[in-house]
Amino acid sequence: MCVSCEDKMEGVFPDSKVDLSLLDPVFQEYQGISGSLISIMQKAQGIYGYLPIDVLKAIADKTGNKRAKIYGIATFYAQFRLNPVGKYVILQCQGTACHVNGSEEIGNAICDELGIKPGETTKDGLFTLEDVACLGCCSLAPVMVINGEAYGKLTPVKARQAIKDIYRTEKEGAGHED
């Protein structure tokens with residue numbers, strides 16, 4: 001990739017300075033195993049919570065792949081995050097069952113409560129909101145999942161309350177730190 005092209009590509013990603021030594025066990029685990037690129041990227045995201053630009057460069061360098069290929073994979077697959085996410089990731093279902101049962105109103109309530117739009121993270125870094133095509137729990141429609149916990153049969157009031165409960169728990173937890 002030409003230098004100017006790489007500079008343009010890096011402008012898409014937030015600046016990051018991370019401890020790359022955390023990747024050493026991952027590179028050792030997959031050393032010499034062909035077809036392991038996505039697994040390496042998944043493990044890297046598990047370590048950092050997203051894929052910082054320095055990590056993408058390290059993966060390219062260690063695996064002998066061009067940076068363009070690594071960037072292409074990171075931007076193609078929805079499972080990969082290129083920006084830090086909040087402590088709580090809200091996945092709001094936009095599937096058919098949820099849609100016909102009021103997911104739009106739920107989404108409006110969540111956005112209003114958090115002051116963000118889908119794809120954004122709150123200023124305090126606590127919540128990230130993502131719209132997803134389907135969560136696979138249609139019998140609970142409309143539904144959202146927060147860090148793996150499903151909240152079903154939602155109303156705008158119930159969605160707001162779930163968020164308020166998490167904020168309250170966080171506030172109480174901050175008061176008990178030593």
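Mind checking whether some residue in the stretch 106-120 is of a type in the set (Asp, Glu) and at pLDDT 95 or above? Talk me through it step by step, then tell me what you get.
To start, the set of residues in the stretch 106-120 that are of a type in the set (Asp, Glu) comprises 112-113, 120.
If we keep only those that are at pLDDT 95 or above too, we end up with 112-113.
Yes.
Within the stretch 55-64, is even one residue assigned by TED's automatic domain parsing to the domain that holds residue 20 and either out of contact with any helix residue (DSSP H, G or I) (no Cβ under 9 Å at 6 or more places or on another chain) or modelled with pLDDT under 95 (or both)? Please lay out each step first, then the result.
Pass one, the stretch 55-64, residues assigned by TED's automatic domain parsing to the domain that holds residue 20: 55-64.
If we keep only those that are either out of contact with any helix residue (DSSP H, G or I) (no Cβ under 9 Å at 6 or more places or on another chain) or modelled with pLDDT under 95 (or both) as well, we get 64.
Yes, because at least one residue in the stretch 55-64 is assigned by TED's automatic domain parsing to the domain that holds residue 20 and either out of contact with any helix residue (DSSP H, G or I) (no Cβ under 9 Å at 6 or more places or on another chain) or modelled with pLDDT under 95 (or both).
Name the residue that is farthest from the chain's Cα centre (by Cα), counting only residues in the stretch 74-102 that are surrounded by fewer than 17 Cβ atoms within 10 Å (Cβ to Cβ) and in a helix (DSSP H, G or I).
Ranking the qualifying residues of the stretch 74-102, first place goes to 100.
Conditions (1) without any contact (Cβ under 8 Å) to a residue 24 or more places away in the chain; (2) assigned to a strand (DSSP E or B); (3) in contact with a Cys (Cβ under 8 Å, 6 or more places away or on another chain), marked per residue:
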position: 125; (1), (2), (3): no, no, no
position: 128; (1), (2), (3): no, yes, no
position: 135; (1), (2), (3): no, no, yes
position: 150; (1), (2), (3): yes, yes, yes
position: 157; (1), (2), (3): no, no, no
position: 161; (1), (2), (3): yes, no, no
position: 165; (1), (2), (3): yes, no, no
position: 168; (1), (2), (3): yes, no, no
position: 172; (1), (2), (3): yes, no, no
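For residue 109, indicate whether it is surrounded by 15 or more Cβ atoms within 10 Å (Cβ to Cβ), more than 16 Å from the chain's Cα centre (by Cα) and under 17 Å from residue 154 (Cα atoms).
Details: surrounded by 15 or more Cβ atoms within 10 Å (Cβ to Cβ): yes; more than 16 Å from the chain's Cα centre (by Cα): yes; under 17 Å from residue 154 (Cα atoms): yes.
Here the answer is yes, as residue 109 does meet what is asked.
Can you work out which of the residues in the stretch 128-172 that are under 21 Å from the mean Cα position of the chain (by Cα) and acidic (Asp, Glu) is farthest from residue 118 (Cα to Cα)?
That would be 170.
Considering only the stretch 28-37, I want to know if a residue exists there that is at pLDDT 95 or above, exposed (fewer than 15 other Cβ atoms within 10 Å of the Cβ) and either within 26 Å of residue 147 (Cα to Cα) or outside the structural domain of residue 170 (by TED's automatic domain parsing) (or both).
yes
So the check is Cβ under 7 Å with 6+ separation or different chains; which pairs have a first residue in the stretch 97-119 that's farther than 20 Å from residue 137 by Cα and a second one that's β-branched (Val, Ile, Thr)?
Short answer, once both residue conditions are applied: 113/163; 114/122; 114/163; 115/122; 116/122.
If you go through the stretch 22-41, how many residues are part of a loop (DSSP other than H, G, I, E, B) and either out of contact with any helix residue (DSSP H, G or I) (no Cβ under 7 Å at 6 or more places or on another chain) or acidic (Asp, Glu) (or both)? Walk me through how you get there before you give the answer.
Looking only at the stretch 22-41, we keep the residues that are part of a loop (DSSP other than H, G, I, E, B), and these are 30-36.
Narrowing further to those that are either out of contact with any helix residue (DSSP H, G or I) (no Cβ under 7 Å at 6 or more places or on another chain) or acidic (Asp, Glu) (or both): 31-36.
Result for the stretch 22-41: 6.
I'm told residue 46 meets every condition in (1) in the same structural domain as residue 131 (by TED's automatic domain parsing); (2) free of Cβ contacts under 8 Å to residues at least 12 places away in the same chain except one. Can you identify the failing condition by its number?
(1)
The values are calculated or read from the model by the stated rules, or taken from the named source; none is laboratory data. Remember, predicted model here, so these are calculated numbers, not experimental data. Glycine also receives a Cβ, built like all others from the backbone with ideal geometry; neighbour counts cover every protein chain displayed.
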